[in-house]
Amino acid sequence: MPEGPSLVILKEETARFVGQQIVEAGGNVRAIDPARLLGQSIVSLRTWGKHFLIELPNMALRIHFLLFGTYRVNEEREGKVPRLYLRTAEGDVLNFYACAIREIDTDLDSQYDWSADVMSDAWDPKQARKKLRACPDMLACDALLDQDIFSGVGNIIKNEVLFRIRVHPASTVGALPAPKLRALVEEARQYSFDFLGWKKQYVLKQHWLAHAKKICPRCDIPFTKAHLGRTNRRSFFCENCQKRYN
């Protein structure tokens with residue numbers, strides 16, 4: 001599943017589409033009628049966590065890439081039918097594959113809490129800490145994947161953040177000492193921007209210390225791999241250097 005930093009890259013790659021008029025639209029999408037997009041100019045392209053938002057004069061589209069969603073700019077995936085494609089009067093084409101698309105209200109600011117987006121200038125760490133303290137029984141691994149608290153954080157960032165701050169994924173939020181709670185919030189944002197920089201340089205995987213790894217680089221012992229929490233996502237962690245707080 002693309003995480004928040006990947007969608008920031010998508011927004012940057014498609015910036016030139018803003019202001020362009022859609023002259024052709026199609027695909028196997030069923031949730032919307034592509035014909036309604038014709039003649040509309042793209043007002044803005046925004047991201048909120050894992051949502052890519054296309055604002056038009058009369059409607060807005062929310063694109064969620066789910067587990068295997070992808071996109072292509074001015075090229076196609078061979079042998080794949082796009083869920084939606086948009087062609088502009090200037091000749092640019094944007095293709096979306098294996099994603100969920102729905103129409104939403106054009107007033108995006110009333111629908112999204114930008115302060116929860118770890119990649120946003122409006123990110124508010126105080127609000128994140130407040131939300132965490134309101135869920136003392138939540139596991140740390142679930143907290144980082146809660147999009148209402150850390151919009152844009154996915155499983156890679158989750159595993160790397162917990163390894164960085166030396167917290168066991170099955171720790172409960174309410175048991176975390178104040179410095180660890182603060183570190184959890186700070187590193188969720190910091191690692192997201194590190195992720196962004198590494199991905200732009202095509203070296204992201206080279207910097208993974210925990211995610212999908214077998215040996216702890218600090219302790220030189222095997223990592224534990226488990227599906228934890230209500231999210232049941234894969235966690236990679238060291239039983240020695242990542243303390244469990246309960």
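Which of the residues spanning the range 172-195 are crowded, with 19+ Cβ neighbours inside 10 Å and aliphatic (A, V, I, L, M)?
Of the residues in the range 172-195, the ones crowded, with 19+ Cβ neighbours inside 10 Å are 173, 176, 181, 184-185, 187-189, 191-192, 195.
Correct list: V173, L176, L181, L184, V185, A188.
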Find all pairs meeting these conditions: Cβ atoms under 6 angstrom apart; at least six residues apart or on different chains; first residue within the range 121-134 and within 22 Å of R46 (Cα to Cα); second residue open to solvent by less than 50 Å² (accessible area, probe 1.4 Å) and assigned to a helix (DSSP H, G or I). A122/W114; A122/S115; D124/S115; P125/V185; Q127/S115; A128/V185
What about A210, is it at pLDDT 95 or above, crowded, with 19+ Cβ neighbours inside 10 Å and part of a loop (DSSP other than H, G, I, E, B)? yes
Please go through the range 213-230 and give me each residue that is aliphatic (A, V, I, L, M) and either open to solvent by 30 Å² or more (accessible area, probe 1.4 Å) or at pLDDT below 95 (or both), ordered by number. I215, I221, L228
Has the range 171-193 got at least one residue that is over 21 Å from S115 (Cβ atoms), among the polar types (S, T, N, Q) and touching a helix residue (DSSP H, G or I) at 6+ places or on another chain (Cβ under 6 Å)? yes
Under 7 Å between Cβ atoms, at least 6 apart or on separate chains: pull out the pairs that start in the range 138-162 with a residue that is under 24 Å from I215 (Cβ atoms) and end on any residue that is among the aromatic types (F, W, Y) and open to solvent by 20 Å² or more (accessible area, probe 1.4 Å). E160/W208
Odd one out for P169, checked against (1) farther than 30 Å from N74 by Cα; (2) assigned to a loop (DSSP other than H, G, I, E, B); (3) open to solvent by 20 Å² or more (accessible area, probe 1.4 Å): (3)
For strands (runs of 3 or more DSSP E) lying entirely in the range 21-102, having 1 or more residues that are open to solvent by 50 Å² or more (accessible area, probe 1.4 Å), touching a residue at least 24 places away in the same chain (Cβ under 8 Å) and out of contact with any His (no Cβ under 8 Å at 6 or more places or on another chain) picks out 22-26, 44-48, 70-73, 84-88
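The values are calculated or read from the model by the stated rules, or taken from the named source; none is laboratory data. The model shown is predicted, which means the values in this text are computed figures rather than measured ones. With ideal geometry, Cβ positions are generated from the backbone for all residues, glycine too; neighbour counts draw on all protein chains shown. Just so you know, the surface numbers come from the protein's heavy atoms only, side chains and all, with ligands and any DNA or RNA stripped out. Shrake-Rupley method; radii C 1.70, N 1.55, O 1.52, S 1.80 Å.
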